[in-house]
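Peer 1: One structure, pasted below without further comment.
The values are calculated or read from the model by the stated rules, or taken from the named source; none is laboratory data. Keep in mind that this is a model prediction, so the values were computed, not measured. Don't worry about glycine lacking a Cβ; one is built from the backbone with ideal geometry, like all the others, and counts go over all protein chains shown.
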C-alpha cells in the first residue's frame, strides 16, 4: 500500500455505510472512502477468556490439594484500546444519489468531485484535526440506525511473513525484514488453508485469515464491533488532538 493511499496510516475506522458497497468494487471510489485514518502511538489488544471456574469440595480433605474445575463454554471478550494523535486529513464520504449538489462541492480538492456511479455521489474535504475530532465524537454519539455515522469496523494493519496456509507469502521468506513485509489486517481468524484444516481443525471458522491488503479490492477483513468510548484532549497551540479509543469487538450491535 502506498503512502498516497493512506498517508502512511496503519489504523482506520470504517463507517457501516461502507459495508453494503463492498461487494461491488466499482462503487468505491478510493481506499479512504467512508473511512477515517488514525495516527496511533499504541494499540493495545485485549482478549479475556470467559471460563466458569468451580472449586471442587472435599478434594482437599482427601488429597491435601484443592482442585478447581474450569468449564470452557467457548466465550471470550475482545477489545482494542488505541492511543495517539489526530491530525488534519482529507475525509472522503459517499452519499446517496442527490444528497450533494455541485455548489456544495469544493472543486479545488479534485477536478472530479462528482461521483458518477449508480449507487450515489461523493465528496472529499480536508478537515482540521479539531474537526476530525468533532466528527468522530458526533459519530460515536449515534446508533446503528445511522449508517453514515456508525463506526462499526476497525482496521489495524500488521506486517506478515506467513499466509493462511502456513507458508511464506510469495516473494517473502524468513529473511524478510519486518519493515519490508507485506501488511495484513489484524483479526481473530486462524490459518485454515481454506477449510477445517491446520489451526481450524475441529472447528467451523466464522472468519477467514486475512490476505495481504489490496487497496484496489476494497474488501478487507478487519474487526467488527463498536466504539465503547472516545476521549480527546485539546492542547493550546497544538495543531493536533490527543485521543484514546476503546473499541469492543462484536458481531453486530442493535
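Peer 1: So which residues in the stretch 166-202 are in a loop (DSSP other than H, G, I, E, B), in contact (Cβ under 8 Å) with a residue 12 or more places away in the chain, more than 25 Å from residue 9 (Cα to Cα) and more than 21 Å from the chain's Cα centre (by Cα), if there are any at all?
Peer 2: 166, 174, 192, 193, 194
Peer 1: A further question on this structure: Quick check: anything in the stretch 205-214 out of contact with any strand residue (DSSP E or B) (no Cβ under 6 Å at 6 or more places or on another chain), modelled with pLDDT under 90 and not in a loop (DSSP other than H, G, I, E, B)?
Peer 2: No: the stretch 205-214 contains no residue that is out of contact with any strand residue (DSSP E or B) (no Cβ under 6 Å at 6 or more places or on another chain), modelled with pLDDT under 90 and not in a loop (DSSP other than H, G, I, E, B).
Peer 1: Ok, one more. Within 23 Å of residue 35 (Cα to Cα) and either in contact with a strand residue (DSSP E or B) (Cβ under 8 Å, 6 or more places away or on another chain) or surrounded by fewer than 13 Cβ atoms within 10 Å (Cβ to Cβ) (or both) - does that describe any residue in the stretch 162-180?
Peer 2: Looking through the stretch 162-180, none of the residues is within 23 Å of residue 35 (Cα to Cα) and either in contact with a strand residue (DSSP E or B) (Cβ under 8 Å, 6 or more places away or on another chain) or surrounded by fewer than 13 Cβ atoms within 10 Å (Cβ to Cβ) (or both).
Peer 1: Let me ask something else. Looking only at the stretch 137-151, filter to residues that are part of a helix (DSSP H, G or I) and either touching a helix residue (DSSP H, G or I) at 6+ places or on another chain (Cβ under 9 Å) or in contact (Cβ under 8 Å) with a residue 40 or more places away in the chain (or both); which one of those is nearest to residue 242 (Cα to Cα)?
Peer 2: Top of the filtered list is 137.
Peer 1: Going by what's in this entry, would residue 208 be described as over 30 Å from residue 130 (Cβ atoms) and surrounded by 17 or more Cβ atoms within 10 Å (Cβ to Cβ)?
Peer 2: In short, no.
Rundown of residues vs (1) free of Cβ contacts under 8 Å to residues at least 24 places away in the same chain; (2) surrounded by 12 or more Cβ atoms within 10 Å (Cβ to Cβ); (3) farther than 19 Å from residue 247 by Cβ, yes/no style:
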| residue | (1), (2), (3) |
| --- | --- |
| 31 | no, yes, yes |
| 39 | no, yes, no |
| 54 | yes, no, yes |
| 87 | no, yes, yes |
| 94 | no, yes, yes |
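Peer 1: Does residue 154 satisfy the condition of being surrounded by 14 or more Cβ atoms within 10 Å (Cβ to Cβ), modelled with pLDDT of 95 or more, at negative phi and in a strand (DSSP E or B)?
Peer 2: Judged against the criteria, residue 154 is a match.
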